[in-house]
Each structure stands twice: as structure tokens, then as C-alpha cells.
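Asks: Mind looking over this structure? Questions follow.
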Amino acid sequence: MLVSGNEIFAAAKEGKYAVGAFNVNNMEILQAIVEAAEEEKSPVIIQASQGGIKYAGLEYISAMARLAASQVSVPVALNIDHGTDFDQIARCVRHGFTALMFDGSKLSFEENIAVTRRVVEMARPNDISVEAELGKIGGVEDDVVVHDREATFTDPDEAAEFAERSGCDVLAVAIGTAHGVYKGEPKLDFARLEEISKKCSVPLVLHGASGVPDDAIHRAIPFGICKVNIDTEVRQVFAEAVKRLVNEHPDEIDPRKILGPAKDNMRNTVREKMRLFGCAGRA
Ligand code: 13P
């Protein structure tokens with residue numbers, strides 16, 4: 001059932017758990033995510049990245065996601081991930097997205113507040129949630145590249161002022177995670193996260209959660225993390241399964257036999273994440 005991001009975040013904050021937000025690029029990934037949510041009785045957030053929109057098209061992704069959401073009983077929100085273009089975000093509203101992310105992390109503090117406010121003004125009458133980003137999360141997320149030297153951690157005082165003045169519903173924070181595959185083990189700045197959560201009343205979002213050890217995720221959630229983003233790990237599971245199948249059955253030409261096992265494996269990975277984040281059993 002398609003619901004507003006606001007409904008999912010309010011329940012997560014109240015229940016002190018985080019909801020998984022998984023990126024979708026094609027039908028198999030989408031089905032794996034919603035089936036996992038239904039099996040785990042978990043709320044879920046499906047998100048379309050810039051690369052996903054470029055690959056599948058906004059109309060396709062939104063229509064597929066709305067159809068997938070309508071076929072399950074658990075709450076599903078549809079989010080644009082790292083939107084940077086106001087007009088594209090407005091198109092998402094017209095296509096039935098129920099959650100929006102405006103990523104103004106490359107703008108100045110004041111500009112980031114100003115554009116986030118405009119997005120909030122557009123979203124609020126439609127009961128659509130708005131996620132903003134403060135600080136710069138490193139790594140590669142499709143077309144969004146932030147080099148290590150550019151990544152900056154979120155300042156707790158700025159986060160409080162930003163949330164207050166921008167009116168955002170949830171805030172993505174930079175505390176040491178990065179998009180993509182980690183070179184070493186990521187070190188999260190828990191003291192900073194605690195400080196942010198004390199000063200900032202809105203629920204927080206952890207990006208770049210693929211490859212973050214389970215115990216670090218467990219430690220982070222009580223500090224107000226209500227949304228955890230996963231993309232890379234699902235892609236890895238997809239790619240490994242397809243490569244294995246093709247290696248073992250080089251003559252296979254049936255796309256259903258090539259992609260079917262990948263879908264099953266992705267569904268299992270998503271289910272594990274839902275249990276880890278504490279959202280399993282909450283729907
Ligand atoms: P990963 O690809 O590192 O899982 O990050 C996903 C993400 O944060 C999407 O915004």
C-alpha cells in the first residue's frame with residue numbers, strides 16, 4: 001500500500017527503529033524489495049536515484065513502483081534519492097512520489113535552506129515527506145560523485161538550525177559513511193551522531209549503509225536514525241547471482257532463468273536488512 005514517507009517516519013520515530021530504503025532500477029529489484037517487505041511484515045521505502053531515473057525513465061519507475069506498492073498490504077513509500085533539480089522533483093510529485101529528497105549539500109548553507117524550503121512548500125499540501133542533506137556524504141552514487149577530500153561531516157549546531165529553518169521532515173547526516181564499496185572498514189563518528197540527535201528534533205537518515213558492519217548499524221539507530229539507505233549490497237547480490245548463473249550455464253538464453261535466482265537472492269538480502277534495522281514485524 002502506497003503511503004506518505006511522513007507516515008513511515010512517524011511510526012519509526014515512535015517505535016525507535018529504522019526503515020530500509022532500497023534503490024530500484026528494474027522490475028526484478030523492485031519485486032525483490034516489496035516481496036521481502038510483505039514477507040517480513042515490514043514498512044519499506046523504494047527509491048529512485050538519478051541513475052535509476054536515467055536508465056528506466058521517471059514514468060516507468062513511478063508506474064512500476066506504484067503498481068508494486070498497490071499489490072502488498074505493508075506500507076510502501078516512493079522516494080526520489082538525491083534530487084538536485086527542483087523541476088525534476090516537481091515532476092516526481094506529479095508522478096505520485098510520496099517522499100522526496102532534495103540534496104543541496106553542494107550549495108551554500110543558506111542556499112541549501114532556501115531550496116529545501118521551496119521543496120517543503122510544494123510537498124506539504126500533498127502530505128509528501130522531504131529529506132534534506134547537510135554535510136557531504138562521500139563516495140559514488142550513480143551520477144553523484146563526492147571525493148574523499150570534499151566529504152564533510154555534519155555540524156550538530158548547523159543541523160539544528162538547518163532543520164528548524166528549512167522545515168525538512170528528515171535529515172541525511174554525514175558521519176563517516178560513504179556511497180559505494182568501502183576500501184577499509186568505515187568508522188562512524190558516534191559522538192557526532194549523538195550530538196546531532198540531541199540538538200536536532202527531526203528523524204535522521206544514514207546513507208551509504210552497504211558494507212557498514214551490523215553492530216555499527218545497531219549502535220546508530222538509537223540516536224534517531226529512522227531511515228537506512230542500501231543500494232550497493234543489493235547490486236552486488238544481483239551481479240554475483242547473474243555471473244554465477246551465466247558461468248555455470250553458458251548456453252542459457254532465458255532471461256527468466258538468468259534473472260530469477262538473482263531476484264531470490266536479493267529478496268533474502270533485503271529481508272536480512274529489515275531484521276537488522278528493526279523494521280521487520282512493524283507493519
Ligand atoms: P550504498 O550504495 O552505499 O548502499 O548507499 C546507498 C545510498 O545511500 C543511497 O542514497
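Asks: Quick check on this structure: which one of A65, A56 is farther than 16 Å from G5 by Cα and in contact (Cβ under 8 Å) with a residue 12 or more places away in the chain?
Replies: Result of the check over A65, A56: A56.
Asks: If you don't mind, another one. Any residue at all in the stretch 244-262 that is of a type in the set (A, V, I, L, M, F, W, C) and in contact with a Lys or Arg (Cβ under 6 Å, 6 or more places away or on another chain)?
Replies: No, that holds for no residue.
Asks: What number of residues in the stretch 202-229 are out of contact with any Ser or Thr (no Cβ under 9 Å at 6 or more places or on another chain), farther than 18 Å from R271 by Cα, more than 16 Å from the ligand (Cβ to nearest atom) and touching a residue at least 40 places away in the same chain (Cβ under 8 Å)?
Replies: Number satisfying all stated conditions: 0.
Asks: Are any residues in the stretch 68-91 in a helix (DSSP H, G or I), small (G, A, S) and within 16 Å of the ligand (Cβ to nearest atom), and if so, which ones?
Replies: None; the set is empty.
Asks: Sticking with this one: For the structure I just gave you, tell me whether A114 is of a type in the set (G, A, S), over 28 Å from R267 (Cβ atoms) and in a helix (DSSP H, G or I).
Replies: Taking the combined requirement at face value, the residue satisfies it.
Asks: Looking at (1) within 15 Å of the ligand (Cβ to nearest atom); (2) surrounded by fewer than 19 Cβ atoms within 10 Å (Cβ to Cβ); (3) of a type in the set (V, I, T), which is the only condition T232 fails?
Replies: (2)
Asks: How many residues are surrounded by fewer than 16 Cβ atoms within 10 Å (Cβ to Cβ), away from the ligand (no atom under 16 Å from the Cβ) and in a loop (DSSP other than H, G, I, E, B) when one looks only at the stretch 182-201?
Replies: Total satisfying the criteria: 1.
Listed here are the residues, each with its yes/no results for (1) closer than 30 Å to A11 by Cα; (2) part of a loop (DSSP other than H, G, I, E, B); (3) out of contact with any helix residue (DSSP H, G or I) (no Cβ under 6 Å at 6 or more places or on another chain).
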{"position": "E240", "(1), (2), (3)": "no, no, yes"}
{"position": "K243", "(1), (2), (3)": "no, no, yes"}
{"position": "V246", "(1), (2), (3)": "no, no, yes"}
{"position": "D251", "(1), (2), (3)": "no, yes, yes"}
{"position": "K257", "(1), (2), (3)": "no, no, yes"}
{"position": "G260", "(1), (2), (3)": "no, no, yes"}
{"position": "R267", "(1), (2), (3)": "yes, no, no"}
{"position": "V270", "(1), (2), (3)": "yes, no, no"}
{"position": "M274", "(1), (2), (3)": "yes, no, no"}
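Asks: As an exercise: evaluate G104 against (1) surrounded by fewer than 19 Cβ atoms within 10 Å (Cβ to Cβ); (2) among the small types (G, A, S); (3) not in a helix (DSSP H, G or I) and give the number of the one condition it does not meet.
Replies: The single condition G104 does not satisfy is (1).
Asks: In addition: On the given criteria, is F109 more than 16 Å from the ligand (Cβ to nearest atom), among the aromatic types (F, W, Y) and modelled with pLDDT of 95 or more? Write out each step before concluding.
Replies: Working: more than 16 Å from the ligand (Cβ to nearest atom): yes; among the aromatic types (F, W, Y): yes; modelled with pLDDT of 95 or more: yes.
Here the answer is yes, as F109 does meet what is asked.
Asks: If I filter the stretch 151-181 down to residues being in contact with a His (Cβ under 8 Å, 6 or more places away or on another chain) and not in a loop (DSSP other than H, G, I, E, B), which single residue comes out as surrounded by the fewest Cβ atoms within 10 Å (Cβ to Cβ)?
Replies: By that ranking, first place goes to H179.
The values are calculated or read from the model by the stated rules, or taken from the named source; none is laboratory data. All values derive from a computational prediction rather than experimental measurement. Neighbour counts are summed over all protein chains in view; Cβ atoms, including those assigned to glycine, are modelled from backbone coordinates with ideal geometry.
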